[in-house]
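Novice: Can you keep this structure in mind? I'll have questions shortly.
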There are 4 protein chains.
Amino acid sequence: MKLSYNKLAGQSAERINAISDAVFGVAMTLLVLEIKVPELEGHETEGDLMHAFFALMPKFLVYFLSFMTAGIFWVGQSAQFRHIEKSDRNLIWINLLFLLFVSTLPFSTAFLGDHINFKFSILLYWLNILLMGIFLYINWTYAGRKGFITEETRDMVYESIRRRILVAQALYFFGALLCFINPYLSIGVIIAIQLNYAFAFFSGGRKK
Amino acid sequence: MKLSYNKLAGQSAERINAISDAVFGVAMTLLVLEIKVPELEGHETEGDLMHAFFALMPKFLVYFLSFMTAGIFWVGQSAQFRHIEKSDRNLIWINLLFLLFVSTLPFSTAFLGDHINFKFSILLYWLNILLMGIFLYINWTYAGRKGFITEETRDMVYESIRRRILVAQALYFFGALLCFINPYLSIGVIIAIQLNYAFAFFSGGRKK
Amino acid sequence: MKLSYNKLAGQSAERINAISDAVFGVAMTLLVLEIKVPELEGHETEGDLMHAFFALMPKFLVYFLSFMTAGIFWVGQSAQFRHIEKSDRNLIWINLLFLLFVSTLPFSTAFLGDHINFKFSILLYWLNILLMGIFLYINWTYAGRKGFITEETRDMVYESIRRRILVAQALYFFGALLCFINPYLSIGVIIAIQLNYAFAFFSGGRKK
Amino acid sequence: MKLSYNKLAGQSAERINAISDAVFGVAMTLLVLEIKVPELEGHETEGDLMHAFFALMPKFLVYFLSFMTAGIFWVGQSAQFRHIEKSDRNLIWINLLFLLFVSTLPFSTAFLGDHINFKFSILLYWLNILLMGIFLYINWTYAGRKGFITEETRDMVYESIRRRILVAQALYFFGALLCFINPYLSIGVIIAIQLNYAFAFFSGGRKK
């Protein structure tokens, strides 16, 4: 009976990974549909076309940002499941709620892109990141409490992953608060935090 | 010959899982495209923006609902396939028909969202849930009759999963009938049933 | 060296399955976006709403048809790969070209739906089915010629799968030709052929 | 400890494959949404319909091209991962950045399709191919430097895959430069290069 339980639970974690990859993959790719190819009428020149393209830069920035944020959380969830060897119905629902806020990310990013100089859109964007962070945190601590984490790596990784989420969320919260001083400062700091997570490989691969 | 048959059948169940995850993943994520970022013209204030955002709340409610319903049926199908170890062409088509009605869920949910105080849209939404339930039921009983369910867990789970679908569908039917008294009462009860399935993990994990 | 070759080739067939499931999953689900929830203005009644919904029936028919056709070809490709245990770069590209015409299916189905009483749209729809059939046929015969098909099942399935494609395509061709007599007759016959493949499970599961 | 590290790393490469297949699958399929079924008003004839369809040919050409390019890079990444048996956080981010430019491919292809006789759109399209090529190259050389490539095949494939990317990118660069002579010449050469990679199976399968 023990064996079959493990087998079933393991298979179910595979399905969590599969639905997560599908939701992340779609969310990451759908975003580009928001960027429309500029339509020029009449006698257009190379200069007109370049001008029209560079006018799309804010949309591209928002797109890249959203892709980056999605990537950060995909890597985070993926790293957790490298250590989680069992699952139950609750863990599945925790992950579905996590995915719910992954799929709202395109909305909150577009909202920020369209209303970039407003405190409200920054706080909304931050709220989305917070909600993803909360469910990622619940996922990890729930798996820890239920003994779903591989014993051989548990001692090495449990605390570091838990703390990593808390530190990242504290940084995002600090970044979001800065919007009360200046919206652009706030966005700049949030972007810097994201870039730090995304481009950590430029620092020589401290983290595996 | 016996061995190779099992191997082939097993592989084919993997493909059912894979196509299901793709369809569910896309269906769950596409929904957010329905929620358009509000465009404000002229001199907008923080207050205007917040007002425009909160006006989107019904759309978000519908989105969350649809995500929840999709999640419930994904968990349901996923739970069945943890116990189904073989498959045949019929089982594949039963699952494709199940997926057909998964992919219409965004439509029926949006229909309900846009015409929330009509009996017809409630019955339509219920019909979608019913059709998903019917094919999930057929999937399980067909697999049972054909002996595709793992022998070691069959006795433990067959009846409970079968009954679970019937009870859930009876509750949905009851909820839908309430629309003849009051549409909002009906929606409230359907939502409550969904929340009960989704948030069962708050009750301390009775079900695995 | 032999072992590692098999391993690599096997892994590559897995990737073909994975990209196929993604393309099919997206193609099957995207279609529903074409069906817009009817917007009613002013004093709408239950009757108005029902009327507006039933006016969408042709769109639903087209949607169901397209889902069915995609399902038929997904099952067909899936059945082949249950017997194909190796692959090479050519087999990958044959499958990518197959997927190319899977992804045009939504277009040709919608084209048929919008211009249902024209010979040209029927022939276009048939052309799409033909192209999918051609690449499915090439996939199977190429795999056969290169010895990629499992030896233990090759003798049992090679000819039957090959003939199955040819017979189905002959039936589709015959159905398409009927458009020169009457477009509706032609569509009816094509639908009947599709239903025969899709609903074969009603006939008691002759085929596995 | 060694064993568990390999296991974890291997699992993580699986997730890279899975998210890649999802992003590629969605990107490949979304493109068809750009091709709208022509709407004819009033008394349309078979001739009108055919005319309207053939007017869509440039859109289809762009669609096929984009599918082909996506396929080429999917095959390329897929071929690398047949030989990469371990991964780390950096390799994951290299692949996410690769996928970022996979998901912009629909945009740059549509841009080219709409402004086909401009140097700027050709250079933009080429820039997209270049960026995908750069991250594919980094992926391979990083995996090589870190010893992530299977030892049994490393000597056979490392140099040939590395050179293949450089040669392909040199050809694309040459093709793009031709736009300063004539845009159509440039596009023709880029298409020829793509077709050479896609249709290599017509040459009798020299490459595996």
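We did not get these values from a lab; they are worked out from the coordinates using the rules stated. Keep in mind the model is a prediction, meaning the values are calculated, not measured. Cβ sites come from the backbone with ideal geometry, for glycine too, and all protein chains shown count toward neighbours.
Novice: Could you give the length gained by full extension between D:V167 and D:L56, i.e. 0.36 nm per residue of separation minus their alpha carbon distance, to one decimal place? If you can, show how the numbers build up before the last one.
Specialist: Working: separation 111, 0.36 × 111 = 39.96 nm, distance 3.39 nm.
Separation in residues times 0.36 nm, less the Cα-Cα distance, equals 36.6 nm.
Novice: What is the mean number of Cβ atoms from other protein chains located within 10 Å of the Cβ atom of each residue in peptide B:29-40, rounded to a whole number? Display every interim value, and only then the final one.
Specialist: Working: counts 16, 9, 2, 12, 7, 3, 5, 2, 12, 3, 2, 3.
Shielding by partners across B:29-40 averages 6.
Novice: Then there's this: Tabulate in residue order the Karplus-calculated ³J(HN,Hα) for the stretch C:87-99, using 6.51 cos²θ - 1.76 cosθ + 1.60 with θ = phi - 60°, rounded to whole Hz; enter x for Gly and Pro.
Specialist: Listing the rounded values in order: 7, 9, 4, 5, 4, 4, 5, 4, 6, 5, 5, 4, 5 Hz.
Novice: Which one, B:G47, B:G144, B:G133, has the greatest fluctuation when you compute a Gaussian network model over chain B with C-alpha springs under 10 angstrom?
Specialist: The residue with the greatest mean-square fluctuation here is B:G47.
Novice: Taking θ = phi - 60°, what integer Hz values does the Karplus form 6.51 cos²θ - 1.76 cosθ + 1.60 yield along the stretch D:100-108, in sequence order, with x for Gly and Pro?
Specialist: 4, 7, 5, 6, 8, 4, x, 4, 5
Novice: Going by how many other Cβ atoms sit within 10 Å of their own, how do B:F81, A:F174, A:F54 line up, fewest first? List each step's numbers first, then the result.
Specialist: On the way: B:F81 21, A:F174 13, A:F54 9.
Ascending Cβ contact count within 10 Å gives the list A:F54, A:F174, B:F81.
Novice: Something else: Could you rank the peptides B:106-116, B:156-166, A:185-195 by their average count of other C-beta atoms within 10 Å per residue, with the highest value first?
Specialist: Values: B:106-116: 22.1, B:156-166: 14.3, A:185-195: 17.4.
Ranked by mean Cβ neighbours within 10 Å, highest first: B:106-116, A:185-195, B:156-166.
Novice: Can you tell me the FRET efficiency between D:T141 and C:N117 if r is taken as the Cβ-Cβ distance and R0 is 56 Å, rounded to the nearest 0.05?
Specialist: Working: r = 59 Å, r/R0 = 1.05.
With R0 = 56 Å, the Cβ-Cβ based efficiency is 0.45.
Novice: Which of rounded, prolate, oblate describes the stretch A:55-208, given a ≥ b ≥ c as roots of the alpha-carbon gyration tensor eigenvalues and a/c under 1.5 marking rounded, otherwise prolate only if a/b is larger than b/c?
Specialist: prolate
Novice: So, with +1 on the Cβ of K and R and -1 on the Cβ of D and E, and no other charges, what is the size of the charge dipole of the protein assembly as shown about its Cα centre, to the nearest 20 debye?
Specialist: That gives the protein assembly as shown a dipole magnitude of about 4040 debye.
Novice: Output wanted: per-residue J couplings in Hz (rounded whole) for the stretch A:31-40, from phi through Karplus 6.51 cos²θ - 1.76 cosθ + 1.60, θ = phi - 60°, x for Gly and Pro.
Specialist: Once θ is set to phi - 60°, the couplings for the stretch A:31-40 become 3, 5, 4, 5, 8, 8, 5, x, 9, 9 Hz.
Novice: If you place +1 on the Cβ of every Lys and Arg and -1 on the Cβ of every Asp and Glu, how big does the dipole about the Cα centre of the stretch C:63-193 come out, in debye to the nearest 20?
Specialist: Details: 10 positive and 7 negative charges, 34 e Å.
With only Lys, Arg, Asp and Glu charged at Cβ, the dipole is about 160 debye.
Novice: Do you know the relative contact order of chain D, to the nearest whole percent, from alpha carbon pairs under 8 angstrom that are 6+ apart? The partial results should precede the final answer.
Specialist: On the way: 163 pairs, mean separation 49.8, N = 208.
Averaging sequence separation for qualifying contacts and normalising by length gives 24 percent for chain D.
Novice: Beyond a 27 Å Cα-Cα separation, which of these cross-linked pairs lie in this structure: B:K59/C:K59; A:K86/D:K146; B:K146/C:K59?
Specialist: Details: B:K59/C:K59 24 Å; A:K86/D:K146 31 Å; B:K146/C:K59 36 Å.
Cα-Cα > 27 Å for A:K86/D:K146; B:K146/C:K59; rest within.
Novice: Enter the mean number of other protein chain beta carbons within 10 Å of the beta carbon of each residue in C:81-90, as an integer. Don't skip to the end; give the middle numbers.
Specialist: Working: counts 3, 7, 3, 0, 0, 0, 1, 4, 10, 9.
Shielding by partners across C:81-90 averages 4.
Novice: Shape verdict for the protein assembly as shown, please, from the Cα gyration tensor: rounded (a/c under 1.5), prolate (a/b greater than b/c) or oblate.
Specialist: On the way: a/c = 1.06, a/b = 1.00, b/c = 1.06.
Here the protein assembly as shown falls in the rounded category.
Novice: Rank A:P58, A:P183, A:P38 by mean-square fluctuation in a GNM of chain A with C-alpha springs under 10 angstrom and give only the top-ranked residue.
Specialist: In this elastic network of chain A, the residue with the biggest mean-square fluctuation among A:P58, A:P183, A:P38 is A:P38.
Novice: Please average, across the residues of B:57-69, the number of beta carbons from any other chain that are within 10 Å of each residue's own beta carbon, and give a whole number.
Specialist: 2
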